[in-house]
Amino acid sequence: MSEFIRAEHLSFSYGKGEDAIPALYDISLSIEKGEYVAVLGHNGSGKSTLAKLLNMILVATGGKLWVDGKELTDPDFSEEDLFALRRKVGMVFQNPDNQLVAGVVEEDVAFGLENMGVPYEEMHKRVKEALRLVGMTEYAKHAPSRLSGGQKQRVAIAGVLAMMPACMILDESTAMLDPQGRQEVLDTVERLHRDNGITLLHITHYMDEAARAKRVLVIHDGRIWADGTPEEVFSRRDELREIGLDVPQETEVVEILRRAGLSLPLGCVGTDACADAIVRALTEKP
Ligand SMILES: Nc1ncnc2c1ncn2[C@@H]1O[C@H](COP(=O)(O)OP(=O)(O)OP(=O)(O)O)[C@@H](O)[C@H]1O
Ligand SMILES: [Mg+2]
């Protein structure tokens, strides 16, 4: 594996001088190519700011940042570099309605490619493939406005995929969806991560969604508060509570039983793992 994202003492403030509002402080981290990282943090902790620094919707005000070996904080970072970066790092936002611009699904998916001046043949091929990857082929000629929330978000993902990014950042992309829509979107991006090696950063308020990642990053008041496996992070239940975060429901159940005296691990994550641990604890010989 090789490094895809590297931040060294990265900071960002909105506004300048006396009116500056600091949003991120001293962020240092490294994310490898092909990693699946969930980002947690309560409202206003700085998650979206971090995401926006990664594809340069915002520019860092301190420290250094690299994406795929290219330094974004280099004063010589050019327009062309920016163009290349945007193709590498695709963002999917919260509200699917704000991301869909065309009247027909396939035109929407082609939008970014058209702006890039991709030749028609190539564009057609990529749109078809992107729609196939998100399971929306049969909706190619449909109007996005008539799709469900989950379907709209999958079309937005197809638009990002058509650019063939190495990394996808989902900024609460499941927040406005019903449980089925959330499942559709997660299944889609996790499959792309697994099969195509796409680096996945998933910003979410849902603990059960964060538990599906291999690594969980917790941001609190603009700083990295925790960075580890879901088990490591969710074993800090009481501290998480203090900063306004929960643990996944099944982790909570295991924790309550552990405190009641059952022999159970700290920070049990995943429904199957938790169920197994409970069964084992209950059938254990005293
Ligand atoms: N455009 C802006 N101008 C000024 N301050 C901003 C702006 N955008 C965000 N902030 C401030 O920066 C801080 C971090 O905001 P950010 O949007 O990154 O948080 P977040 O973790 O994504 O929150 P949420 O969970 O609500 O999406 C907050 O204090 C917020 O008020
Ligand atoms: Mg946000």
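Read the figures in this text as sums done on the coordinates, not as results from a lab. None of the values given here were measured: they were computed from a predicted structure. Heads up, the Cβs are rebuilt from the backbone with ideal geometry, glycines too, and the neighbour counts pull from every protein chain shown.
If you average the alpha carbon positions of the stretch 15-51 and of the stretch 235-278, how far apart do those two centres end up, in angstrom?
The stretch 15-51 and the stretch 235-278 have Cα centres separated by 27 Å.
Just need the relative contact order of the stretch 35-84 here, percent rounded to a whole number, with Cα pairs under 8 Å and 6+ apart.
In percent, rounded to a whole number, it is 19.
Along the stretch 122-130, what does the Karplus equation 6.51 cos²θ - 1.76 cosθ + 1.60 (θ = phi - 60°) give for ³J(HN,Hα), rounded to whole Hz, x for Gly and Pro?
Couplings: 4, 4, 4, 4, 5, 5, 4, 5, 5 Hz.
Quick one: what are the phi-derived ³J(HN,Hα) couplings along the stretch 12-26, Karplus 6.51/-1.76/1.60 with θ = phi - 60°, whole Hz, x for glycine and proline?
Once θ is set to phi - 60°, the couplings for the stretch 12-26 become 8, 10, 7, x, 10, x, 5, 8, 4, 10, x, 10, 9, 10, 6 Hz.
Starting from a Cα-only point model with no solvent, please compute log10 I(q)/I(0) by Debye for the stretch 4-117 at q = 0.10, 0.16 1/Å.
Relative scattering, expressed as log10 I(q)/I(0), comes to -0.36, -0.88.
Holding the Cα-Cα limit at 28 Å, pick out from 88/152; 47/125; 70/214 the pairs that are longer than that.
Long pairs (Cα-Cα over 28 Å): 47/125.
Hey, fewest Cβ within 10 Å first, where do 157, 219 land in order?
219, 157
Please give the per residue volume of the convex hull enclosing the alpha carbon atoms of the stretch 155-244, rounded to a whole number of Å³.
Once divided by residue count, the hull of the stretch 155-244 is 111 Å³.
Given a cut-off of under 8 Å on Cα pairs at least six residues apart, what relative contact order in percent is computed for the stretch 1-154?
19 percent
With axes computed from alpha carbons, what is the tilt in degrees of helix 271-283 against the longest principal axis of the chain, rounded to the nearest 10 within 0 to 90?
Once rounded, one gets 10 degrees.
Find how much the distance from residue 57 to residue 3 grows on full extension, using 0.36 nm per residue of separation minus their present alpha carbon separation; answer in nm with one decimal.
Value of the extension gain: 17.3 nm.
Enumerate by residue number the trypsin sites (Lys or Arg not before Pro) in the stretch 190-236 meeting two conditions: DSSP loop (anything except H, G, I, E, B), and at most 15 other Cβ atoms within 10 Å of the site's Cβ.
214
Would you mind calculating the relative contact order of the chain from Cα pairs under 8 angstrom and at least 6 residues apart, reporting the percent as a whole number?
It comes to 21 percent, rounded to a whole number.
Please identify, among 210, 260, 158, the residue showing maximal mean-square fluctuation in a Gaussian network model of the chain using a 10 angstrom Cα cutoff.
Sorting by GNM fluctuation, first place goes to 260.
Let me know the Rg and Dmax you get for the chain when you use only its Cα atoms, in Å.
Cα radius of gyration and Dmax of the chain are 20.5, 71 Å respectively.
Using the 2.2 N^0.38 Å rule of thumb for compact globular proteins, work out how the stretch 13-54 stacks up: its C-alpha Rg over that value, please.
Normalised by 2.2 N^0.38 Å, the Cα Rg of the stretch 13-54 equals 1.38.
Hey, can you grab everything whose amide H is under 5 Å from the amide H of residue 61? Only 5+ residues off in sequence or another chain; H modelled, so Pro and N-termini drop out.
11, 12, 13
Return the long-range amide H neighbours of residue 73 (sequence gap of 5 or more, or a different chain), with a cut-off of under 5 Å between placed amide H atoms.
HN-HN under 5 Å from residue 73: 65.
Hey, what do the phi angles of the stretch 208-225 turn into as Karplus ³J(HN,Hα) couplings, whole Hz, using 6.51/-1.76/1.60 and θ = phi - 60°, x for Gly and Pro?
5, 6, 4, 5, 7, 6, 8, 9, 10, 10, 10, 9, 9, 6, x, 10, 6, 9
List every residue whose amide H lies under 5 Å from the amide H of residue 226, counting only residues 5 or more places away in sequence or on a different chain, with H placed 1.01 Å from N in the peptide plane.
Sorted by chain and number, the residues that satisfy this are 218.
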